[in-house]
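The values are calculated or read from the model by the stated rules, or taken from the named source; none is laboratory data. Bear in mind that the values here come from a model prediction, so they are computed numbers and not experimental data. When we count neighbours, we look across all protein chains shown, and the Cβ atoms used for this are built from the backbone with ideal geometry, even at glycine.
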């Protein structure tokens, strides 16, 4: 017999490739500014020996996990196993961006 009292569970993922590759990172922040290439370079230079990555994106995912276009930004991903306190990472990111991009020339969404 078929059980008609089924439960539907949604599990949010960053992308389908995260499942295939067993990705173990989270979106740590999004940075908006005029010079996205320089922001991307600055973020990638901070923790280059850790499991982190910054890249320019022009899309986000809606609640149905469908890609939607948006204003370009830099997404900074931080590996789950990176042994750093998140508050320390925020301080380092903001310090580096203040020095390389200039205070007030970017905004961050955590």
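Among the candidates 53, 38, the residue that is touching a helix residue (DSSP H, G or I) at 6+ places or on another chain (Cβ under 8 Å), surrounded by 15 or more Cβ atoms within 10 Å (Cβ to Cβ) and not in a strand (DSSP E or B) is uniquely 38. Out of all the residues in the stretch 61-71, is one or more touching a strand residue (DSSP E or B) at 6+ places or on another chain (Cβ under 9 Å), loosely packed, with under 15 Cβ neighbours inside 10 Å and part of a loop (DSSP other than H, G, I, E, B)? The answer is yes; a qualifying residue exists.
So is residue 53 over 19 Å from residue 86 (Cβ atoms), modelled with pLDDT under 95 and in contact with a strand residue (DSSP E or B) (Cβ under 8 Å, 6 or more places away or on another chain) or not? The answer is no for residue 53.
Taken over the stretch 1-23, residues that are out of contact with any helix residue (DSSP H, G or I) (no Cβ under 9 Å at 6 or more places or on another chain) and either surrounded by 12 or more Cβ atoms within 10 Å (Cβ to Cβ) or at pLDDT 85 or above (or both) amount to 3. If you check 89, 31 for being at pLDDT 95 or above and under 16 Å from the mean Cα position of the chain (by Cα), only one passes: 31.
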